[in-house]
Amino acid sequence: MPENPLFTVFTPTYNRAHTLDRVFDSLSNQTLRDFEWLVVDDGSTDDTGRLVAEWVKTAAFPIRYFSQSHSGKHMAHNLAAREARGEFFFTLDSDDACVPRALERLASIWKAIPEQKRPLFCGVGGLCVDQNGELVGERFPREPLDADMRERHFLYRVRGEKCVVTRTELVRRFPFPEIKDTTFVPEGTVWLEIAKTHKIRWVNEIFRIYHLDGRKEGSTLTSKKNLQKSAAGRMHYYIWLLNNHLNFFFNSPKPFIAAASMLPVVARLSNKSVRSVLMSLHNRPAKTLVWLTLPIAAVLYAIHRARSATTV
């Protein structure tokens, strides 16, 4: 059992005892064994703790288990980053799996990057398929594609779930903001910040099995589908995105229009005024975009209120 493995596989989980075996079984089948499995339990009320304790006794790889009060994936991620012993950090959700050669191939792809260029890269990544073997999202326009996360989203417009391993030192250097009153902070807050200085080597290989059926269940780690509960985290992200990356607007306007339209909505749900939100924006184009999309925001807020009233 290595003291400092090549990979830390991090799994955040909340009431997923019924799907967590997917992760365990897929890790048990890995052709590369130089990894640890770090499980962060986000306050589960099911049998998760007992299940992981049984696997600790029998697994052929080290498993470390941590528990926290229900705080969301972003808080679990920060805890795991502090505790990780691996050189690379690989997030594998509690209802997903990875293919048997995933870690072996990801390590090989990293080693193929010339050593003198590796400091420019935060990691390597590839594709996901769903439980039926269908590709999730889009393929990359060429292989390998050396592009940061901003270029992937805004220039190449490659959408959908992807599988990424990241140098652990960078995961620690760029933690999630620990925002109160939310269990959801969009992952772009971290990834797009890292993208300012580091690229990812992307390949069109399948590494992760992304189970779409698990996303439809009611018990989830975050409250991202509940707009009221996720409002504070979303507000932080939208402000950050408009302050930092609006220079990509003409390459890919849709994400920025969506952020500007939703910002007054989540601000209102966070008991913040539109004026205070506008004061948080540091450039005139961002403020102008929010003003121009206020009619859309009003419609979105009305829709949210109507839906909330029907669920009461």
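The values are calculated or read from the model by the stated rules, or taken from the named source; none is laboratory data. Values in this document were obtained by computation on a predicted structure and should not be read as measured data. Positions of Cβ are generated from backbone atoms using ideal geometry, with glycine treated the same way; all protein chains shown enter the neighbour counts.
Observations on the structure shown:
- Subset of the range 245-259 [within 18 Å of residue 280 (Cα to Cα) and crowded, with 17+ Cβ neighbours inside 10 Å]: 245, 246, 256, 259
- Single unsatisfied condition, residue 35 versus (1) at pLDDT 95 or above; (2) buried (at least 23 other Cβ atoms within 10 Å of the Cβ): (2)
- Some residue of the range 13-21 being of a type in the set (Asp, Glu) and without any contact (Cβ under 8 Å) to a residue 40 or more places away in the chain: yes
- Among the residues here, residue 56 does not qualify as of a type in the set (Val, Ile, Thr), at negative phi and in contact (Cβ under 8 Å) with a residue 12 or more places away in the chain.
- Close Cβ contacts (under 6 Å, 6 or more residues apart or on different chains) running from residues in the range 289-312 that are free of Cβ contacts under 8 Å to residues at least 40 places away in the same chain to residues that are of a type in the set (Val, Ile, Thr) and surrounded by 10 or more Cβ atoms within 10 Å (Cβ to Cβ) comprise 297/265; 300/265; 301/265.
- Condition met for residue 203 (under 29 Å from residue 14 (Cβ atoms) and assigned by TED's automatic domain parsing to the domain that holds residue 14): no
- Reported count of residues in the range 111-152, each being among the polar types (S, T, N, Q) and within 24 Å of residue 244 (Cβ to Cβ), is 0.
- Some residue of the range 80-102 being farther than 24 Å from residue 207 by Cα and of a type in the set (Gly, Ala, Ser): no
- Contact annotation: residue pairs with Cβ atoms under 6 Å, 6 or more positions apart or on different chains, pairing a residue in the range 159-174 that is over 18 Å from residue 197 (Cβ atoms) with a partner that is in a loop (DSSP other than H, G, I, E, B), are 159/137; 159/138; 160/137; 160/138; 161/137; 161/210.
- The residue pairs whose first member lies in the range 105-134 and is under 20 Å from residue 35 (Cβ atoms), whose second member is in a helix (DSSP H, G or I), and whose beta carbons are closer than 7 Å, counting only pairs six or more residues apart or on different chains, are 122/170; 122/194; 124/106; 124/109; 124/110.
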